[in-house]
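Working notes, beginning with the structure itself.
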Amino acid sequence: MKKDGKTKKDPVLRLLLLSLPLVILLGGATIVRDVVVNQSIRGIDDRVIRETFIGGPRIEQVLWDILNDTEYNSEHILHTAQHLNSRVDTSDFRTPSILHVLYKYPDRLRAEDREILKRALLDYRYWIKDPGEDSMVFWSENHQILGAVAEHLAGQLYPDEIFTNTGKTGAWHRDRGAERIAIWLEQRWTYGFVEWYSNTYYKEDIAPLAALISFTENEELRRRASIIMDLLFYDIATQSYNGSFISSSGRAYEHDRKSDAGSDFEVFLEILFDFDADEAQPEMGPHMLLAYLDGENYELPPIFESIIKDPETRIIRASNGLNVSELAGEGLVGHEDPQIMMQWAMESFTNPEIIHNSVTFIHEYGLLRNSDLNAFKDVNIGLLRSMKLLPFVSRVLNPQQNGVSIQRANAYTYRTPEYMMYSAQEYHPGDYGDQQHVFGITLDADLMIFHTHPAVPPGAGGVNGNSPKYWVGYGHIPHTAQDQNVNLSIYRLPRRKGIMEKALLEYTHAWFPFKKFDEAIVDGNIAAGRRGDSYVAIIASGELRYRSERLENLILAGKESWWITEAGSAGSDGTFDGFLGRIRAQADDISYDRGTLSYPVRGGDGGPRLLELAYQSGFSVDGQPVDTSYPRFDSVYLQAERKPDELAIAPDGM
């Protein structure tokens, strides 16, 4: 509209323009206020208190003494109760044994000791939405089932008592715990285990499931928990080699990658399956797995002994978990228990797809005092939440914490009588890593081989506490793919360190303990070794050198590098010299051009074939693309699509 030759401004537009400075001023003031308030919130550092309970007196020793008909020490009871009362991370690890003793052996406890344990259970905090400020971890897959089972069984044991943290009765807690147990069991059935094949954390699943199966009065929960226990043991049986349960994994620590000799799991499997009939069976000792070994109502199906001792060469494929990008489509982004349980079981906090959900949940339940969540105070800004700008912030900053997320693993395992090679096929190449273990070989309980890009220099602290580190997890994950006895892996490190990345080391390295082989060589870009009738060779993109005289840590310099790993055996190659000669001949014909690695295999365990891996573009065998997106289960023992309606484990072909 014009008047006297001039444009007349719309009154609404004029009002908006006049209001803009006020909006900016108020928005800025709100941001400043939020920043000031947030920065005053200190995380509760419970590390010192937690360390006082590591290796100290505990309830597992009491259970062990009872089982061996010896007098127990009440100090173990008191110390265990103090552990729960401290509300530190891992205090819930004690709950399966506490409940086992209280349910099965109450008359073996002194009255005052029973009361001490009862009081600790009544005062405990069982779920992240409950009142309390502490640094307990409620969200990871194992902690979820530990907390839910503890709440359910404690409430069932004391149904009329008031649980002081919530002011609710035991019956209320019994039922609420049952609800979360049902969610957890359903998600494991539907999607598999997020912490897939974890030598460390499967123990923390088995113990509470055993307590639940032994003592719940809810028959439906017992039935469903028994099914999930079966699936746990299916994983263990298919991913073990001669009693060593180390495979690709969602969460693995340094010792879980390098050796299984003398581990808790090796002892546990020897007790269950008696691999060495000539040796005396070991004892578990005071351990949370006593809840399983002394448990009731669950009988290990005989099929698992047949699987774990299967003498045939097998290819075992499986899909475990979800990608972050799949959560919304599954209705699993939100604040309801099923949503937050699946998202945070994946340790997914900062990824663009879910950071808004994380921050709003943390804000709603006042969780910034938790030391693991305290860093979110930097982005817990009302304006960012209300305008949903957090995904944009995550994409721009791309924090290294995005790699903490444990995403869908398409696991491929090649198990033979001489060795086991395993990979998480094409697992998010180039992304940051945390505790994932995407490739390795087991030759014996004390001899594992793998490579990685270290996230920090040797001896440095982990990016997120205890991970990723020099041998734990990855700075950047390789593009890795396997066909039978051969794995191809390409590392392409970024040109410069990320904005929030702790370090960017310009080399990759392999665990290749020279002295543990019967014979071995490291020559130029080839390393090879023999243990008995089992052979392994590594061909690298450049010269390999040991970092020190310990002869364990092979260094490969360069921001762009590749590793080819092939396993073999006396049965296929005859002598070790014959195997090595074939490897050298194949190495001469390797090509690497613009991110595509080609490797001609001319014999050996898997037979002649041409393998090609194109970085972030795909994997092929003899020119045929390989689909590495697997069904839920795909092996001679069990086949099922993702999100199965039913499962039948059968020894077909055995």
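The values are calculated or read from the model by the stated rules, or taken from the named source; none is laboratory data. Because the structure is a prediction, the values reported are computed rather than measured. Every residue, glycine among them, receives a Cβ derived from its backbone with ideal geometry; neighbour counts consider all protein chains shown. Areas reflect the complete protein model, heavy atoms only, side chains present, ligands, DNA and RNA absent. Shrake-Rupley method; radii C 1.70, N 1.55, O 1.52, S 1.80 Å.
Odds and ends about this structure:
- Flag for E296 being part of a loop (DSSP other than H, G, I, E, B), out of contact with any Gly (no Cβ under 6 Å at 6 or more places or on another chain), open to solvent by 50 Å² or more (accessible area, probe 1.4 Å) and at pLDDT 95 or above: yes
- Of residues in region 199-235 being β-branched (V, I, T) and in a loop (DSSP other than H, G, I, E, B), the one farthest from the chain's Cα centre (by Cα): T216
Condition check ((1) more than 27 Å from P468 (Cβ to Cβ); (2) not aliphatic (A, V, I, L, M)) across all residues:
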position: H356; (1), (2): no, yes
position: R369; (1), (2): no, yes
position: G382; (1), (2): yes, yes
position: R385; (1), (2): yes, yes
position: L390; (1), (2): no, no
position: L397; (1), (2): no, no
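- Selection count, region 33-60, where residues are surrounded by 12 or more Cβ atoms within 10 Å (Cβ to Cβ), within 30 Å of E71 (Cβ to Cβ) and either small (G, A, S) or free of Cβ contacts under 8 Å to residues at least 12 places away in the same chain (or both): 2
- Taken over region 361-382, the criterion of being buried (at least 22 other Cβ atoms within 10 Å of the Cβ) and basic (K, R) is satisfied by K377 alone.
- Count - residues of region 383-405 that are in a loop (DSSP other than H, G, I, E, B) and either buried (at least 16 other Cβ atoms within 10 Å of the Cβ) or not basic (K, R) (or both): 5
- Search result, residues across region 559-607 that are part of a loop (DSSP other than H, G, I, E, B), open to solvent by 40 Å² or more (accessible area, probe 1.4 Å) and in contact with a strand residue (DSSP E or B) (Cβ under 6 Å, 6 or more places away or on another chain): D589
- With respect to (1) touching a strand residue (DSSP E or B) at 6+ places or on another chain (Cβ under 8 Å); (2) open to solvent by less than 10 Å² (accessible area, probe 1.4 Å); (3) part of a loop (DSSP other than H, G, I, E, B); (4) not hydroxyl-bearing (S, T, Y), the lone exception for Q482 is condition (3).
- Subset of region 236-272 that is of a type in the set (D, E), part of a helix (DSSP H, G or I) and touching a strand residue (DSSP E or B) at 6+ places or on another chain (Cβ under 8 Å) - its residue that is nearest to L647 (Cα to Cα): E266
- The single residue among P625, P644, P631 that is open to solvent by 80 Å² or more (accessible area, probe 1.4 Å), on the phi < 0 side of the Ramachandran plot and not aromatic (F, W, Y) turns out to be P625.
- Apart from one condition, P311 fits all of (1) farther than 23 Å from T628 by Cβ; (2) in contact with a helix residue (DSSP H, G or I) (Cβ under 9 Å, 6 or more places away or on another chain); (3) open to solvent by 50 Å² or more (accessible area, probe 1.4 Å); the exception is (2).
To keep it simple, each residue is scored yes or no on (1) surrounded by fewer than 16 Cβ atoms within 10 Å (Cβ to Cβ); (2) modelled with pLDDT of 95 or more; (3) out of contact with any Gly (no Cβ under 9 Å at 6 or more places or on another chain).
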| site | (1), (2), (3) |
| --- | --- |
| H476 | no, yes, no |
| V486 | no, yes, no |
| A503 | yes, yes, no |
| W511 | no, yes, no |
| A520 | no, yes, no |
| D523 | yes, yes, yes |
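- Selection over region 353-382 of residues that are farther than 15 Å from E336 by Cα and of a type in the set (A, V, I, L, M, F, W, C) gives a count of 8.
- Contact annotation: residue pairs with Cβ atoms under 8 Å, 6 or more positions apart or on different chains, pairing a residue in region 367-379 that is closer than 14 Å to I128 by Cα and in contact (Cβ under 8 Å) with a residue 12 or more places away in the chain with a partner that is among the hydroxyl-bearing types (S, T, Y) and outside any helix (DSSP H, G or I), are R369/S135; N370/S135; S371/S135; D372/S135.
- Qualifying residue in region 444-467 (condition: open to solvent by 30 Å² or more (accessible area, probe 1.4 Å) and in a strand (DSSP E or B)): yes
Yes/no per residue for (1) under 22 Å from L209 (Cα atoms); (2) open to solvent by 10 Å² or more (accessible area, probe 1.4 Å):
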position: H76; (1), (2): no, yes
position: L84; (1), (2): yes, no
position: S91; (1), (2): yes, no
position: P96; (1), (2): yes, no
position: Y103; (1), (2): yes, yes
position: A111; (1), (2): no, yes
position: R119; (1), (2): no, yes
position: L122; (1), (2): yes, no
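- Criterion violated by R180 - all others in (1) closer than 22 Å to E364 by Cα; (2) open to solvent by 10 Å² or more (accessible area, probe 1.4 Å) satisfied: (2)
- Residues satisfying the criterion are present in region 149-160 (criterion: open to solvent by 20 Å² or more (accessible area, probe 1.4 Å), in a loop (DSSP other than H, G, I, E, B), free of Cβ contacts under 8 Å to residues at least 24 places away in the same chain and not charged (D, E, K, R)).
- Output for region 608-622, where each listed residue is assigned to a loop (DSSP other than H, G, I, E, B) and open to solvent by less than 40 Å² (accessible area, probe 1.4 Å): Y615
- Test: residue in region 542-551 that is in contact with a strand residue (DSSP E or B) (Cβ under 7 Å, 6 or more places away or on another chain), in a strand (DSSP E or B) and under 26 Å from K515 (Cα atoms): yes
- Flag: D256 matches the condition of being at pLDDT below 95 and either farther than 25 Å from A120 by Cβ or open to solvent by less than 10 Å² (accessible area, probe 1.4 Å) (or both).
- Whenever a residue of region 302-321 is within 22 Å of W196 (Cβ to Cβ) and aromatic (F, W, Y), it has no partner that is surrounded by fewer than 18 Cβ atoms within 10 Å (Cβ to Cβ) and modelled with pLDDT of 95 or more lying with C-beta atoms less than 6 angstrom away and at least six residues away or across chains.
- Restricting S263, S249, S226, S214 to residues that are open to solvent by 20 Å² or more (accessible area, probe 1.4 Å) and in contact with a His (Cβ under 8 Å, 6 or more places away or on another chain) narrows the list to S263.
- From S319, S423, S358, S325, residue being open to solvent by less than 10 Å² (accessible area, probe 1.4 Å) and either part of a helix (DSSP H, G or I) or farther than 23 Å from P631 by Cβ (or both): S358
- The lone exception for H335 - which of (1) farther than 24 Å from E195 by Cβ; (2) surrounded by fewer than 18 Cβ atoms within 10 Å (Cβ to Cβ) it fails: (1)
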